[in-house]
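K.L.:
Can you keep this structure in mind? I'll have questions shortly.
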Amino acid sequence: MAVDITLLFRASVKTVKTRNKALGVAVGGGVDGSRDELFRRSPRPKGDFSSRAREVISHIGKLRDFLLEHRKDYINAYSHTMSEYGRMTDTERDQIDQDAQIFMRTCSEAIQQLRTEAHKEIHSQQVKEHRTAVLDFIEDYLKRVCKLYSEQRAIRVKRVVDKKRLSKLEPEPNTKTRESTSSEKVSQSPSKDSEENPATEEHPEKILAETQPELGTWGDGKGEDELSPEEIQMFEQENQRLIGEMNSLFDEVRQIEGRVVEISRLQEIFTEKVLQQEAEIDSIHQLVVGATENIKEGNEDIREVPHL
Amino acid sequence: MASAAAATAAAASIRERQTVALKRMLNFNVPHIKNSTGEPVWKVLIYDRFGQDIISPLLSVKELRDMGITLHLLLHSDRDPIPDVPAVYFVMPTEENIDRMCQDLRNQLYESYYLNFISAISRSKLEDIANAALAASAVTQVAKVFDQYLNFITLEDDMFVLCNQNKELVSYRAINRPDITDTEMETVMDTIVDSLFCFFVTLGAVPIIRCSRGTAAEMVAVKLDKKLRENLRDARNSLFTGDTLGAGQFSFQRPLLVLVDRNIDLATPLHHTWTYQALVHDVLDFHLNRVNLEESSGVENSPAGARPKRKSKKSYDLTPVDKFWQKHKGSPFPEVAESVQQELESYRAQEDEVKRLKSIMGLEGEDEGAISMLSDNTAKLTSAVSSLPELLEKKRLIDLHTNVATAVLEHIKARKLDVYFEYEEKIMSKTTLDKSLLDIISDPDAGTPEDKMRLFLIYYISTQQAPSEADLEQYKKALTDAGCNLNPLQYIKQWKAFTKMASAPASYGSTTTKPMGLLSRVMNTGSQFVMEGVKNLVLKQQNLPVTRILDNLMEMKSNPETDDYRYFDPKMLRGNDSSVPRNKNPFQEAIVFVVGGGNYIEYQNLVDYIKGKQGKHILYGCSELFNATQFIKQLSQLGQK
């Protein structure tokens, strides 16, 4: 267990001070020690680099706070029926996305700038190493915060895709079909994210509510008083057929969706790897160029030898 | 149930404790919590060689980076000023270190200073620093000063060593040389006690101490008892108060510390061994969990005039993350060879699986029917890709162990170490020997002169009666013919005469090894580990003297060997050194510490011993860690009067 002897140290400082005073030894500072310290320290190079690095960090911190603050609202989607308080329109979300992206771009540019500048003035190897490491840390921090952003964005995009898909199954010329399909949708939606549940359940209902009056007028517009039994049967068969078709379509779409998600994940992994390899390939390229030159020189030297 | 949990928590490995302490120190002395979206903080780590030895088995460079350390530098190197950066120092409070630190303060190298001393700093040295800080007007820059009490090196979860840098100071030779003065002895003892004290502070427990009489171990015990006692009495500054121990840490029983002196058993450090870790330590260059191999580039048919190929040096870290190592470091060598083979095969199978997926994906564009396979395969592909890093890591470990094991195997074959091992086991367990000792010594093929010397010394140590003069002369002649240096023998003779007075060297147990025939099935599977001619020896569990002593003391068995061991309990109000232990129950936890040096063979023996006992834990420590080569060197220096 470590023991904190900072207080002991401060006590020693006092002891030494009094002892020195008693002995009449001049201490750098003396009574005005604290003031002199401040005075002494200001001409020290304030560290342009580190203050700018800290600026970048605070920017990234602001971005992070901003994202976290609005995250709940952002994710809590499709809250048409929810209170005004927690609601966020799509335009607002787009705005957040745009802002975040601009922010991230500026931050990474700032980091790049710092990188190029960092090595210019300083000659000490240690300071260079230190600065490179600091910049690595900052980049890592930026990456982590960007991950926050991309996660919530991915959720949002998924929602939009779902919503579009649902809205494609909007009013068909048959109440029954629509009702049964939308009820099927409702029954199948519990298998999706739980967050989406209230949304999807409400959505088809909304569609129903919206289009009921529409159908009423349209139905009236047809102008037929009744449907003959054969036609009813035909319609029913068609219904069944359409239901079957919709189901299989739906299944396939879900499968494809799953695969697309995985492919996108794979893409992410591959992009990362490719980017990593880029740096290595660059360095290999450099080495190879250097090696070719060395070999050329070596060959020339060898050619000179017989002439001696 | 609660006591079992508490016991396991208390035995929460010493390695973990030390690592946690180091991490806290690196986090500006505040407990470290992982926060994924935390802001980065950066710092510079300055250490001396002691600090380096302590940190390197525990934290890798990557882990240091994760803690925010941008640079790690030696104290006594040229360091440039780096503005606006806090510096964490981790050094021993010696004169030169303090001077250098004061110099740093004067040169204003860093923004703020967090000073951590490996063992406690004295008041006067603290004032020296205060003086320098005042002179440099840097007092406010010294942010924190801590005594870390981490003056020991942890190598395994349950094994620690006192020091690496100044091991000559506390070596076997230093303690046992005839011309040692009292003050020198005091210094050595103080160093050992200081480290042991730090160890117990980090462990958070006050042990019950038992030691043999009349040895260096006794001196250590007396001093350690005194130091612990003083610290406990000082209620204000005691390091063992309840809140420093942490919750769930307190086992109902205190651990037992057994202090033994190297002199009770000189044969084990010389013994040839057969388990993986001990072999690596014996045969290759292995310390602080790092093994250095020199790889020869095979048969070199270099054309005349070409530059000779250079041997490449490789070094590997054998860490707790290395699952293969953790599993097999105590296994007999043939088993290790087989396991490497198996791992290689399973790796190849996984690799093939990934390749197969690749070819299946190639079908995708062509065949309609392949689409139905596709959904399955996308998932498989994702899992394959995400498991790639794991596979690569596995490959790296397999390569590592293949190289290490091959190097060990080469030594074994060249020096016929299996023959030595078998023979020594027989000597040590007093079974009949089928080959005469003289034959082996005179055999030019078997082993280096050092191996022969080791074998002879073990024989000499283990026989009940010394060989006759004539025999001895014969042996000596054979040994000198083989190229051995006879100095160690001088020393062993003296030692034997000395210990005869005390008690007969304890027997090494009664079981034997059974050679299982010449070839293992490793050879049949066509592996790289062609172990032909190498015996597949099976290790039988037999207790080395140290293990036996521990067994007696831990289980409270009565045994003439250990009955008159001294008993110390620092928590008891009145220091009495009666030999009668107050505690009659067997101990759950024990720490065995060998004063004068130890090795992996003893460690492995203890680990095997405790495996059979549920709920009991042992920690093994020694003042220095040496292999047989180093030990022989020390013996030879001692014999060289």
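The values are calculated or read from the model by the stated rules, or taken from the named source; none is laboratory data. On a predicted model such as this, the values are computed, not experimentally measured, just so you know. All Cβ positions, even for glycine, are placed from backbone atoms using ideal geometry, and neighbour counts span all protein chains on display.
K.L.:
For the range A:128-171: of the residues being of a type in the set (Ser, Thr, Tyr) and within 11 Å of chain B (Cβ to nearest Cβ), which is farthest from A:Val56 (Cα to Cα)?
P.N.:
This residue is A:Thr132.
K.L.:
Also: Restricting to the range B:113-127, name every residue that is buried (at least 22 other Cβ atoms within 10 Å of the Cβ) and in a helix (DSSP H, G or I).
P.N.:
Passing the criteria: only B:Leu126.
K.L.:
Give the residue that is surrounded by the most Cβ atoms within 10 Å (Cβ to Cβ), with candidates limited to residues of the range B:97-112 that are within 12 Å of another protein chain (Cβ to nearest Cβ) and assigned to a helix (DSSP H, G or I).
P.N.:
For the range B:97-112, the residue satisfying everything is B:Leu105.
K.L.:
Does any residue of the range A:113-122 turn out to be free of Cβ contacts under 8 Å to residues at least 24 places away in the same chain, within 18 Å of A:His59 (Cβ to Cβ) and away from every other protein chain (no Cβ under 13 Å)?
P.N.:
yes
K.L.:
So, B:Gln141, is that one surrounded by fewer than 21 Cβ atoms within 10 Å (Cβ to Cβ) and either within 9 Å of another protein chain (Cβ to nearest Cβ) or touching a helix residue (DSSP H, G or I) at 6+ places or on another chain (Cβ under 8 Å) (or both) or not?
P.N.:
yes
K.L.:
Moving on. Could you say whether any residue in the range B:547-560 is at pLDDT below 80 and part of a loop (DSSP other than H, G, I, E, B)?
P.N.:
Checked against the condition, which is being at pLDDT below 80 and part of a loop (DSSP other than H, G, I, E, B), the range B:547-560 yields no hits at all.
K.L.:
What tally of residues in the range B:156-172 results from selecting those that are over 15 Å from the mean Cα position of the chain (by Cα) and surrounded by fewer than 21 Cβ atoms within 10 Å (Cβ to Cβ)?
P.N.:
Selection size over the range B:156-172: 3.
K.L.:
Hey, B:Glu230 hits all of (1) buried (at least 18 other Cβ atoms within 10 Å of the Cβ); (2) at pLDDT 85 or above but one; which does it fall short on?
P.N.:
Looking at each condition in turn, B:Glu230 falls short on (1).
K.L.:
Another one. Restricted to the range A:249-308, and to residues that are modelled with pLDDT of 90 or more and either among the basic types (Lys, Arg) or outside any helix (DSSP H, G or I) (or both), which residue is nearest to A:Arg153 (Cα to Cα)?
P.N.:
Out of the qualifying residues, it is A:Lys296.
K.L.:
Do we find a residue being more than 18 Å from A:Asp4 (Cα to Cα), in a loop (DSSP other than H, G, I, E, B) and out of contact with any strand residue (DSSP E or B) (no Cβ under 6 Å at 6 or more places or on another chain) anywhere in the range B:148-160?
P.N.:
Yes, some residue in the range B:148-160 is more than 18 Å from A:Asp4 (Cα to Cα), in a loop (DSSP other than H, G, I, E, B) and out of contact with any strand residue (DSSP E or B) (no Cβ under 6 Å at 6 or more places or on another chain).
K.L.:
Right, here's the next one. Residues B:Ile153, B:Ile175: which one is under 14 Å from B:Val594 (Cα atoms) and either buried (at least 23 other Cβ atoms within 10 Å of the Cβ) or within 14 Å of chain A (Cβ to nearest Cβ) (or both)?
P.N.:
Criteria check complete, one pass: B:Ile175.
K.L.:
Residues B:Val340, B:Val336: which one is part of a helix (DSSP H, G or I), at pLDDT 85 or above and farther than 30 Å from B:Ser386 by Cβ?
P.N.:
B:Val336
K.L.:
Identify, by number, the condition in (1) crowded, with 21+ Cβ neighbours inside 10 Å; (2) assigned to a helix (DSSP H, G or I); (3) in contact with a Cys (Cβ under 8 Å, 6 or more places away or on another chain); (4) within 12 Å of another protein chain (Cβ to nearest Cβ) that B:Ala130 doesn't meet.
P.N.:
(3) is the only condition that B:Ala130 fails.
Yes or no, residue by residue, for (1) more than 10 Å from chain A (Cβ to nearest Cβ); (2) within 26 Å of A:Glu139 (Cβ to Cβ); (3) among the charged types (D, E, K, R); (4) surrounded by 15 or more Cβ atoms within 10 Å (Cβ to Cβ):
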site	(1), (2), (3), (4)
B:Ile54	yes, no, no, yes
B:His76	yes, no, no, no
B:Val85	no, yes, no, yes
B:Glu95	yes, no, yes, no
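Each row is one residue, and each column tells you yes or no for (1) under 18 Å from B:Met159 (Cα atoms); (2) part of a loop (DSSP other than H, G, I, E, B); (3) at pLDDT below 85.
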{"residue": "B:Gly575", "(1), (2), (3)": "no, yes, yes"}
{"residue": "B:Val592", "(1), (2), (3)": "yes, no, no"}
{"residue": "B:Gln604", "(1), (2), (3)": "yes, no, no"}
{"residue": "B:Gln614", "(1), (2), (3)": "no, yes, yes"}
{"residue": "B:Thr629", "(1), (2), (3)": "no, no, no"}
{"residue": "B:Leu635", "(1), (2), (3)": "no, no, no"}
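K.L.:
On the given criteria, is A:Arg10 of a type in the set (D, E, K, R), at pLDDT 85 or above, over 27 Å from the mean Cα position of the chain (by Cα) and more than 30 Å from A:Lys120 (Cβ to Cβ)?
P.N.:
Yes: the conditions hold for A:Arg10.
K.L.:
For the range B:116-127, which residues satisfy the criterion of being within 8 Å of chain A (Cβ to nearest Cβ) and touching a Ser or Thr at 6+ places or on another chain (Cβ under 9 Å)?
P.N.:
Those that are within 8 Å of chain A (Cβ to nearest Cβ) and touching a Ser or Thr at 6+ places or on another chain (Cβ under 9 Å): B:Arg123, B:Leu126, B:Glu127.
K.L.:
Quick one: what pairs do we get from the range B:596-620, first residue closer than 12 Å to B:Thr547 by Cβ, second among the acidic types (Asp, Glu), C-beta under 6 Å, 6+ apart or different chains?
P.N.:
Note: no pairs meet the criteria.
K.L.:
Filter the helices (runs of 4 or more DSSP H) completely within the range B:372-487 down to those with at least 2 residues that are within 14 Å of chain A (Cβ to nearest Cβ) and farther than 27 Å from B:Leu544 by Cβ.
P.N.:
Filter on the range B:372-487 gives B:388-415.
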